[in-house]
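Chemist: Sharing a structure below in structure tokens format, with a few things to ask.
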Amino acid sequence: MKNLMSFLKSFLLLALSGGALLLSAQGGQSLLAQLAEEEKDAVNALAMYPEDTRLAILESSKYPEALIKMQRLQTQTSASFQALLADYPQSVQEVIWDVTRYPGLVARLVVEGQGARAAILAILEDYPEAAKDNALSAGMQYLPLLEDIHELDQSADAAFSALLRDYPPAVQDAMNTLLRLPEVLTILTDNIELTLLVGDLYRRDPALVLHTADSLSLEVARQNARELEGWKAELDNNPEAARELAASAEEFAAEYGYDDEYYDYP
């Protein structure tokens, strides 16, 4: 989380650096220029997130009041979810947490599975093998808990939809993107002053902010590619290190049921 917070701050400050150029041309030392100058070494982290996420952050930053309301709703929903799990042992909580990370799986186990083994197995044909054991266990042994979680999800979805109803469609799309990245939403609201400044700048000169972001993204991508090639060359020259890395990855996957398809990365 610390690294992610540093990145998001860097992202916001990158936008401010573009604003500093604009305001300097207009004359006068601005708060935006000061902030960008103080934090200029941090902005190279921008390329961690893809273009669609960067756009969602910028579009959402124009509506800080919505971000704050969304964060409050998300915090309340998270607390309610934790309360549902609180009386269960850690082993059961881990099973449920694993099931919830697969999109739509809880809803399907409740609506289609209904505690029936054959129905659950049919559902799991649409999910990776890593999901099977925990989903089968949860669907057959903890259906009432899954029903409560499904009800909570539906209530949260309705609340978020009501909150966003009066915003333009593009803003709704951006906000929904951030809902899938709760850590981003948290950092935007924790650094609300920066978010406000970026939103103001993006309203006035979106082309400048986007151009600055895209240019830096390309440069950082090139730098990362060079570093990756160097890392690969090092592994090629050190077979023992390569074997240890592969073994560690396999152990991690076996222990945590890791599957790339179901994790979103910056």
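Chemist: Once the Cα gyration tensor of the range 122-179 is diagonalised, what are the square roots of 5 times its eigenvalues, in whole Å and ordered largest first, as equivalent ellipsoid semi-axes?
Modeler: After scaling each eigenvalue by five and taking roots: 31, 16, 7 Å.
Chemist: While we're here: I'd like to compare 166-177, 62-73, 81-92: which one has the highest average count of other Cβ atoms within 10 Å, and what's the full order after that?
Modeler: Taking the mean over residues of other Cβ atoms within 10 Å, the ranking is 62-73, 166-177, 81-92.
Chemist: Please compute the alpha carbon radius of gyration of the range 84-166, then divide it by the globular-protein estimate 2.2 N^0.38 Å. Two decimals is fine.
Modeler: Dividing the Cα Rg of the range 84-166 by 2.2 N^0.38 Å gives 1.14.
Quick note: the coordinates plus some simple rules give every number you see, no bench work behind them. Computed from a prediction, not measured in an experiment: that's the story for all the values here. Neighbour counts are summed over all protein chains in view; Cβ atoms, including those assigned to glycine, are modelled from backbone coordinates with ideal geometry.
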